[in-house]
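The values are calculated or read from the model by the stated rules, or taken from the named source; none is laboratory data. In this text the structure is predicted, and so the values were computed from the model without any measurement. All Cβ positions, even for glycine, are placed from backbone atoms using ideal geometry, and neighbour counts span all protein chains on display.
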Amino acid sequence: MIHCNSRACPPWSETAQAHQQAGSPGLPHWLVCELAQGHTDEHAGHLEDMGRGTFDVWVRWDGDHFTYVCAEPCERVDPALAAQRQQACTLFVDHAPGHSWEFEDLLHD
């Protein structure tokens, strides 16, 4: 399975300023869709990790329409590697099919 890798350049102007004033790290110039190639819903790119067990900030987009979403981490672990305590899925709960451990390619920034 490979990533969608669709790119988007959100209109960050006001958001970037508020984000930086809140002490958060700078916003990326580009977002890259982290879902599997061929997904049928909106693209999704991770924006900020709020810490495991809490919500993470994601940006969802379709064309020029962008939405900020707070979503719980998926945290599902590959059953074949559960005994080795491998890293959990890095996507959000109820994401399109394909957990992060199933991807064969790296995300392209």
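If I filter segment 29-47 down to residues being free of Cβ contacts under 8 Å to residues at least 40 places away in the same chain, assigned to a loop (DSSP other than H, G, I, E, B) and at negative phi, which single residue comes out as nearest to the chain's Cα centre (by Cα)?
Across segment 29-47, the extreme among qualifying residues is Cys33.
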Q.
Return the pair list, or none, for Cβ contacts closer than 6 Å from residues in segment 52-74 that are within 19 Å of Pro10 (Cβ to Cβ) to residues that are assigned to a loop (DSSP other than H, G, I, E, B) and modelled with pLDDT under 90, at least 6 apart or on different chains.
A. Asp56/Asp49; Asp56/Met50; Phe66/Pro10; Cys70/Phe55
(Q) Could you go through segment 81-101 and let me know if any residue there is in a helix (DSSP H, G or I), modelled with pLDDT under 90, under 16 Å from the mean Cα position of the chain (by Cα) and under 16 Å from Leu35 (Cβ atoms). (A) yes
(Q) surrounded by 15 or more Cβ atoms within 10 Å (Cβ to Cβ), at pLDDT 70 or above and not charged (D, E, K, R): is that true of Leu27 in this structure? (A) no
